[in-house]
Ligand code: GRF
């Protein structure tokens with residue numbers, strides 16, 4: 001059974017999809033805990049599924065390393081096999097990335113390496129490209145630069161708003177995340193860098 005900690009910053013619809021999948025006793029993974037960098041609304045999904053939560057806000061720490069070290073303390077109590085950044089909108093310092101190398105994956109709403117960063121959906125629309133996508137990749141020290149594990153293409157309909165396009169991408173992401181977690185649990189995909 002693959003054990004997982006999910007980190008979020010927002011509404012947590014990807015988290016919810018994973019919690020629902022893990023609720024099936026036949027699914028080979030389990031969410032042990034959900035952490036956030038703010039009192040995110042998505043934490044409610046974890047509570048609904050009786051999954052432990054923790055919030056570590058960076059404003060209470062002198063620097064990013066101290067903040068991330070506290071985050072790591074919470075994670076290490078749970079000893080997960082995998083940590084999923086599912087809409088976690090803070091950049092984690094190298095100390096954290098190094099500690100969890102090969103166990104840390106991130107979801108990103110574009111066809112990386114196109115449009116890294118916090119405004120991927122907006123940037124794709126501004127660039128006028130006809131397709132974008134969703135990517136899940138290993139986390140390294142860069143911003144959205146780690147090895148790509150899975151990627152799906154999504155057509156951009158004419159005139160679609162940023163919000164609508166992001167929702168369309170998230171529909172794909174939710175399915176993509178559940179499938180990838182299954183494949184990792186089944187050893188069909190390895191995470192060694
Ligand atoms: C997703 O699009 C993810 O790729 C990005 O943030 C969004 C999170 O959505 N990093 P949600 O909170 O899971 O609904």
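No lab work stands behind these numbers, since they all come straight from the coordinates. Since the structure is predicted, the reported quantities are computational estimates derived from the model, not experimental observations.
For the reader, a short list of remarks on this structure follows.
- Rounded to 10°, Cα long-axis angle of helix 13-22 versus longest principal axis of the chain: 60
- Candidates 63, 14, 106, ranked by Gaussian network fluctuation over the chain, Cα under 10 Å, top entry: 63
- The chain: angle of helix 64-78 to the longest principal axis, Cα-based, in degrees nearest 10: 70
- Å³ per residue enclosed by the Cα convex hull of the chain: 113
- Relative contact order of the chain, taken over Cα pairs closer than 8 Å and 6 or more residues apart, is 20 percent.
- Remark: segment 106-154 is approximated by an ellipsoid whose semi-axes, taken from the C-alpha gyration tensor as √(5λ), come to 18, 12, 7 Å, largest first.
- With the alpha-carbon atoms of segment 101-191 aligned to their principal axes, the span from lowest to highest coordinate is 41, 26, 16 Å, starting with the largest.
- Result for the chain in a Gaussian network model with C-alpha springs under 10 Å: among 29, 127, 118, the largest mean-square fluctuation is at 127.
- Helix 162-185 vs. the chain, principal-axis angle (Cα, 0 to 90°, nearest 10): 50
- Spread of Cα-to-Cα distances over 5 Å intervals beginning at zero, given as percent, for segment 65-125: 4, 16, 24, 24, 14, 11, 7, 2, 0
- Look at the alpha carbon pairs under 8 Å that are at least 6 residues apart: their mean separation over the length of segment 74-138 gives a relative contact order of 33 percent.
- Fraction in percent of alpha-carbon pairs per bin - 10 Å, segment 31-92: 21, 58, 21, 1
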